[in-house]
Amino acid sequence: MNRIPFEEVQQQLASVLVKLGFAAGRAETCARLFAETTRDGVYTHGINRFPRYVTTIRNGMVVVDAEPECVARFGALERWDGHRGPAI
């Protein structure tokens, strides 16, 4: 069985995300999370989900440059609005 090195997978995913408008650092973080979940055996959130994620970016469901905002705090609890940004 041929295996692709982890770093190569991460770099390829990041490259795709940059082409879709992600800032380089954010693309690298997001790509690392996809690659790590596959490496760790969490296939529901790994690279097999990446094509669907790309589709959600292209159709506007995910806004690549959105920044999360804390909208409420109560003690140790917080509520955040992600503004449809990537969940990283």
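A few comments on the model shown:
- Cα-based equivalent ellipsoid, the range 40-79: semi-axes from gyration tensor eigenvalues, Å: 28, 18, 6
- Coupling constants for the range 40-52 follow from the phi torsions by the Karplus curve (6.51 cos²θ - 1.76 cosθ + 1.60, θ = phi - 60°), and in residue order they are 8, x, 9, 5, 5, 10, x, 5, 5, 8, 4, x, 5 Hz; glycine and proline get x.
- Projected onto planes of every orientation and averaged, the convex hull of the alpha-carbon atoms in the chain covers 6.9 nm².
- Relative packing of 4-14, 56-66, which averages over residues the other C-beta atoms within 10 Å, highest first: 4-14, 56-66
- From phi via Karplus (6.51, -1.76, 1.60), per-residue ³J(HN,Hα) for the range 61-77 in Hz, x at Gly/Pro: 5, 10, 9, 5, 9, 5, 10, x, 9, 6, 9, 7, 9, 8, x, 8, 9
- For the range 14-25, backbone phi angles converted through the Karplus equation (6.51, -1.76, 1.60; θ = phi - 60°) give residue-by-residue couplings of 4, 4, 4, 5, 4, 5, 8, x, 5, 5, 4, x Hz, Gly and Pro being listed as x.
- Database remark: amide H of Ala66 closer than 5 angstrom to no amide H (H placed geometrically; neighbours at sequence offset of 5 or more, or on other chains; Pro and chain starts carry no H).
- Accessible surface, the chain, averaged per residue in Å² (probe 1.4 Å): 73
- Charge dipole (the range 1-52, unit charges on Cβ, about Cα centre) - positive-most of Gly46, Gly21, Val9: Gly21
- Extended-chain gain in nm, criterion 0.36 nm per residue less alpha-carbon gap, Glu78 and Thr55: 5.3 nm
The values are calculated or read from the model by the stated rules, or taken from the named source; none is laboratory data. Because the structure is predicted, anything quoted here is derived from the model rather than measured. Please note: Cβ atoms are built from the backbone with ideal geometry, for glycine as well, and neighbour counts cover all protein chains shown. All accessible areas refer to the heavy atoms of the entire protein, side chains included, with ligands and DNA or RNA removed. Shrake-Rupley method; radii C 1.70, N 1.55, O 1.52, S 1.80 Å.
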